[in-house]
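Below is one structure, written out as C-alpha cells; the observations come after it.
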Amino acid sequence: MTFPIQPISWPTVRYMIGEVQYGGRVTDDYDKRLLNTYAKVWFSDAMFTDNFEFYRGYNIPKCRTLEEYQAYIEGLPLFDSPECFGLHPNADITYSTNTTNSMLDTIVSIQPKDSGGGTGETRESNVYRLANEILEKVPEDYNPFQVKECLIKMDHLKPLHIFLKQEIDRMQKVITIVRTTLTDLKLAIDGTIVMSENLRDALDSLFDARIPSTWRKVSMTILTGANVIGVDEVFRPDNNDLTYDIPFFQISWESATLGFWFTDLLDRNAQFSSWLFQGRPISYWMTGFFNPQGFLTAMRQEVARANKYALDDVELTNEVTKLLREEVVKRPVEGVYVHGLWLDGAGWDRKLARLVEPAPKLLYTALPVVHVSAYSRSAGNKNKATTVYSCPVYKKPRRTDLNYIFPLALNSLVDPDHWILRGVALLCDVK
C-alpha cells in the first residue's frame, strides 16, 4: 500500500525554526521578529528551484562528495556584504565607524595618565580650568517652592504635570552631582581635601573628555551611605525596601563624549524650564526625558480621562506629519507632538509621508514631527493604514531592552518584511 506524497508544511517548518529550535533561545522580541522574517522569506518551495539564491552568489550547493562541499565553502567570499543579510550598504559604514571608535577608545584608555598637554600644562591645571568652565555653565538649582507654585498654577494633578515634576527632580539630582563633583575636585587639586577614588576617576575622565562614572551611574554604596547630596531620595523606593543585588542605578544618560553629554544637560534643562515657567511646549523633544515611557503613559492617561476611556483599553497611535519642528505653530487637540527622532536604515519621503531607501552614505534621516495620541481598542483606530512597518524606537544607537521605548507605525509602499531585514529603527539620539 502506497501513500501519496504530502507537500512540505512550510508554516510548520518556519514555526519550528523561528519559535522553537532557534527562536526559543532568542529573548529580544525584535530579534525574534527578524528570525521569523528570515524563515518566511527563505523557507518555501522556491528553495528547490534551480535559480534560487539567498543573495547573488549565495545558492544552495548541489554537491555529492565531501570534497565538493569543501570546495564550495572555500569559494565563498571572505567578507560578507551587508546586502547578503538584507541590510543597506550604509550598514558597512556604521560597522566600520563603530569598530574604529572602539579602537580609539581603547587607545585613549591606555595612554599614560601623567602626560601633559602640548603647551606644558599639567593634567591637574588642565582639569582645574575645565572644571571652572563647566561650573560657570551649570544651570541654577530649582527652587522647590517655586516649582510647586508653578505646577499648582498649571494644575499639578494632571498626569503630564506629575511627570514634569518627576523629571525636574531627577534633573536636580544631576545638577547637584555635577556641581558637587567639580567643586570637590577643585578642592582636591588644591590639596584642601583628600583625592578620593571617585574624584580621581572624575579627574581622569575630564582630562580624556569622557563622562565621569558618578555622573552616569550611582553605586548602591553611595545610595545607602548617602555620600552624595540628595541621591538617596530620588532612587530610594517608596517603601524604603532597597534591592541590594543591583550594584548601580542609572542617574543620567549615556553619551559619546563629555561635550555631547553636557550639551544634552543644558538642552534637557532648557526644555524643563520652558515647560515649567512658560507652559506646555508645542512639540516635545522626547530625547530630553529621563523616562520617555512615563511621558507616553501620562499622555495616555490624559486622553483616557478626557474621553472617559478605560485605561486598560487604551493603546497608542501615531501619525507622521509633514511638518518640521519650526513649522508647528500650535498644540494638537489631543495627544502630543514629538520631534527629534532619527531613522536608521531607511530614508523618509516627507511629501508622501512614507519610508524610502536611504541615500548613499547618509546614515541617519531626521523624521518630521510625529503626532502621538491614544485610542480605545473597543472604538477602533481610525488612523490605521493598510501597509505599515512597526518601527521600534530606541533612546540610543545601542538597541537593547533598556534603551527600547515603544513602536511607531510608519507608512510603507513595500512589504514591511523588507524594512525588518533592513533593520530599520528610530533613534532618539545618534551620538
**Message:** Taking amide H atoms as placed 1.01 Å from N in the peptide plane, list the residues 5 or more away in sequence, or in a different chain, whose amide H sits under 5 Å from that of L408.
**Reply:** C391, V393
**Asked** What nm value, rounded to one decimal, do you get for the distance between L135 and T387 when each label is placed 7 Å out toward the C-beta?
**Response** 6.1 nm
**Message:** Run the Debye formula on the Cα coordinates of segment 383-431, all scatterers equal and no solvent, and tell me log10 I(q)/I(0) at q = 0.20, 0.23, 0.29, 0.31 1/Å.
**Reply:** -0.68, -0.83, -1.06, -1.13
**Prompt:** So how many Å³ per residue does the convex hull of the Cα atoms of segment 118-190 work out to?
**Reply:** 97 Å³
**Message:** At 1.567 mPa s and 4 °C, plugging the Kirkwood radius over alpha-carbon pairs of segment 10-99 into Stokes-Einstein gives what diffusion coefficient in µm²/s?
**Reply:** 84 µm²/s
**Complete:** Once phi for every residue in segment 336-350 is put through the Karplus expression 6.51 cos²θ - 1.76 cosθ + 1.60 (θ = phi - 60°), the whole-Hz ³J(HN,Hα) values, with Gly and Pro written as x, are 9, 9, 10, 9, x, 9, 10, 7, 10, x, 7, x, 9, 8, 5
**Request:** Could you please report the charge total around V414, scoring K, R as +1 and D, E as -1 over all other residues with beta-carbon less than 15 angstrom from its beta-carbon?
**Result:** -1
**Request:** Please work out whether segment 340-431 counts as rounded, prolate or oblate from its C-alpha gyration tensor, where a ≥ b ≥ c are the square roots of the eigenvalues and a/c under 1.5 means rounded, while otherwise a/b larger than b/c means prolate and anything else oblate?
**Result:** oblate
**Prompt:** Quick one: net charge of K62's neighbours, Cβ under 15 Å, K/R +1, D/E -1?
**Reply:** -3
**Request:** Note down the nm distance, to one decimal, between modelled labels 7 Å out along Cα→Cβ at Q278 and at N51.
**Result:** 6.1 nm
**Prompt:** Which FRET efficiency value, to the nearest 0.05, do you get for I93 and Y72 by plugging their Cβ-Cβ distance into 1/(1 + (r/R0)^6) with R0 = 35 Å?
**Reply:** 0.70
**Request:** Quick one: which residues, 5 or more positions from W348 or on another chain, have an amide H under 5 Å from its amide H? H modelled 1.01 Å from N in the peptide plane, none for Pro or chain starts.
**Result:** V356
**Request:** Tell me which label goes with the value of Cα extents along the principal axes in Å computed from the coordinates here: [x] 70, 60, 48; [y] 93, 62, 46; [z] 73, 56, 42.
**Result:** [y]
**Prompt:** Under 12 Å from a point 7 Å along the Cα-to-Cβ line of S376: which residues of segment 293-337 have their amide N that close?
**Reply:** 304-315
**Prompt:** Over what distance in Å are the Cα centres of segment 1-51 and segment 161-186 separated?
**Reply:** 51 Å
**Item:** Residues Y337, Y404, Y69, sorted so that the one with the fewest Cβ neighbours within 10 Å comes first
**Value:** Y69, Y404, Y337
**Request:** Diagonalise the Cα gyration tensor of segment 281-427 and give the resulting equivalent ellipsoid semi-axes, square root of 5 times each eigenvalue, largest first, whole Å.
**Result:** 25, 17, 16
**Request:** Obtain the nm distance between the two label points defined at T100 and E315 by a simple spin-label model: each point lies 7 Å from its Cα along the Cα-to-C-beta direction.
**Result:** 4.3 nm
**Asked** Which net charge results when you count Lys and Arg as +1 and Asp and Glu as -1 among the other residues whose beta-carbon is under 15 Å from that of P82?
**Response** -2
**Message:** Quick test of the membrane-span-like rule: which DSSP H helices of the chain reach at least 18 Å along their long axis (C-alpha atoms) with mean Kyte hydropathy at least -1.0?
**Reply:** 29-42, 90-109, 123-137, 159-190, 258-278, 292-307
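Where a number appears in this text, it was derived from the coordinates with a stated rule and is not lab data. As the structure is a computational prediction, the values presented were derived from the model and not from experiment. Cβ sites come from the backbone with ideal geometry, for glycine too, and all protein chains shown count toward neighbours.
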